[in-house]
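I have placed the structure first, in the form of structure tokens, so that the comments after it can refer back to it.
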Ligand SMILES: [Mg+2]
């Protein structure tokens, strides 16, 4: 694809929107069944399981969870880092600015709404944190909450593959479910891969959690460039294999690729890849569903496949939606689900802002994306 042609730029924007909106749709589909077994889902919703957006326990349809919330803050942190580098010539602050963005997300988990007492720190700025709907606890991951409280900032000059000091043994899917935006800024796949890796270690120390996040970023980068899903996954696996300690993540992706080659998807096949509570399994389930139903006219069944299993349905749905949207663009997301997904307008705006920043390094209105 020609990245500077009208078609190229239009397609790219549709894919960036698709990545973030698709993630939100998948998250909302999986949210009501996150803690149900496959048998329990079938008992409650019929033999085919979830077939569309369902009300959550408060009766509200289309609510997203921490996966979409954190993904938006990842995007915000990256926009701010890019804008700072472009306007002030000060690069290299990405991990710090993404961490600051996650601290703004942490505020949304600890306060009912903005503004709040003690909310005058320099990093408590920007328009995203002013969105009242983001102030909602939707089963946030423990490692994300406790990891952010430690104040640790990963040092990106260290060698990849060593455990980080925060939640050292944890490889929960909280790393990968928030990391699609690292593939959306228009940089090369390895840069996004590395940045996602280091930002994962803000909260999770196990290298596999970080590699899964990096692999998702690399896959998304290749999808935006116009690769097929299969091609994007294989190129990410090629990148992975050069890094020490990649084996667990590579094995999970290999299992997903092999399973997709068997055709005829079922919920039982999804469950052979694991439950998705850990990062490499969540990525593998999402990749399998995107690979086995690869068509632009198969987005709905692929999303449903990604949530109808006994594991972490909202996270596998969110990651699968990231992949499908990055592959096919927002125009192929199921319209009736899209219109009922919480936060659609803000998610679309963040996607467009990412594109504007990446393509033009625009001068943002005061206070929208401060350089901190
Ligand atoms: Mg969630």
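Run the numbers for residue 247 and residue 230: contour at 0.36 nm per residue of separation, minus the present Cα-Cα distance, in nm. Don't skip to the answer; put the middle values down first.
Numbers: separation 17, 0.36 × 17 = 6.12 nm, distance 1.93 nm.
So the extension gain works out to 4.2 nm.
Rounded, prolate or oblate: which fits the stretch 25-107, taking a ≥ b ≥ c as square roots of the Cα gyration tensor eigenvalues, rounded meaning a/c under 1.5, else prolate when a/b beats b/c?
Working: a/c = 3.85, a/b = 3.57, b/c = 1.08.
Prolate, since a/c reaches 1.5 and a/b exceeds b/c.
Which whole-number percent gives the relative contact order of the stretch 124-209, counting Cα pairs below 8 Å spaced six or more residues apart? Before the final figure, lay out each step's value.
Details: 88 pairs, mean separation 35.7, N = 86.
Averaging sequence separation for qualifying contacts and normalising by length gives 41 percent for the stretch 124-209.
Taking R0 as 22 Å, what's the FRET efficiency between residue 238 and residue 261 from their Cβ-Cβ distance, rounded to 0.05? Please report the intermediate quantities before stating the final value.
On the way: r = 18 Å, r/R0 = 0.82.
The computed FRET efficiency comes out at 0.75.
Pulled fully out, how much extra length does the chain show between residue 137 and residue 362, if you take 0.36 nm times their separation in residues and subtract their Cα-Cα distance?
On the way: separation 225, 0.36 × 225 = 81.00 nm, distance 3.32 nm.
Between residue 137 and residue 362, full extension yields 77.7 nm more.
Arranged by the count of other C-beta atoms within 10 angstrom, fewest first, what order do 271, 357 take? Don't jump to the answer; show the numbers that get you there.
Values: 271 17, 357 22.
Lowest count first: 271, 357.
Is any residue of the stretch 336-359 close enough, with backbone N under 14 Å, to a label point placed 7 angstrom from the Cα of residue 87 along the Cα-Cβ axis, and if so, which?
Zone members listed by number: 357-358.
Going by C-beta contacts inside 10 Å, put 45, 222 in order with the fewest on the left. Please list the in-between numbers first.
Numbers: 45 17, 222 22.
Ascending number of Cβ neighbours within 10 Å: 45, 222.
Please label the shape of the stretch 56-101 as rounded, prolate or oblate, based on the square roots a ≥ b ≥ c of the eigenvalues of the alpha-carbon gyration tensor (a/c under 1.5 means rounded; beyond that, a/b larger than b/c means prolate, else oblate).
Details: a/c = 6.47, a/b = 3.63, b/c = 1.78.
Cα axes put the stretch 56-101 in the prolate bin.
Does anything in the stretch 248-282 have its amide N under 20 Å from the 7 Å Cα→Cβ label point of residue 150, and if so which residues?
Those under the cut-off are 278-280.
Kindly provide the helix-only [θ] at 222 nm of the chain, computed as the sum of -39,500 (n - 2.57) over DSSP H runs of four or more divided by all residues, to the nearest 500 deg cm²/dmol?
Value at 222 nm, helices only, nearest 500: -17500 deg cm²/dmol.
What FRET efficiency, computed as 1/(1 + (r/R0)^6) with R0 = 30 Å and r the Cβ-Cβ distance, is obtained for residue 44 and residue 345, rounded to the nearest 0.05? Don't skip to the answer; put the middle values down first.
Working: r = 31 Å, r/R0 = 1.03.
Between residue 44 and residue 345 the formula returns 0.45.
Using Cβ contacts closer than 10 Å as the measure, can you line up 360, 332 from fewest to most?
The fewest-first ordering by Cβ neighbours comes to 360, 332.
By per-residue mean of other Cβ atoms within 10 Å, what is the highest-first order of 194-207, 309-322, 15-28, 143-156? Intermediate values should be presented prior to the final figure.
Numbers: 194-207: 26.9, 309-322: 32.1, 15-28: 30.5, 143-156: 16.8.
Peptide ranking by packing, descending: 309-322, 15-28, 194-207, 143-156.
Each value in this text was obtained by applying a stated rule to the coordinates, not by laboratory testing. The structure displayed is predicted, hence computed values, not measured ones. All Cβ positions, glycine included, derive from the backbone under ideal geometry; neighbour counts span all protein chains shown.
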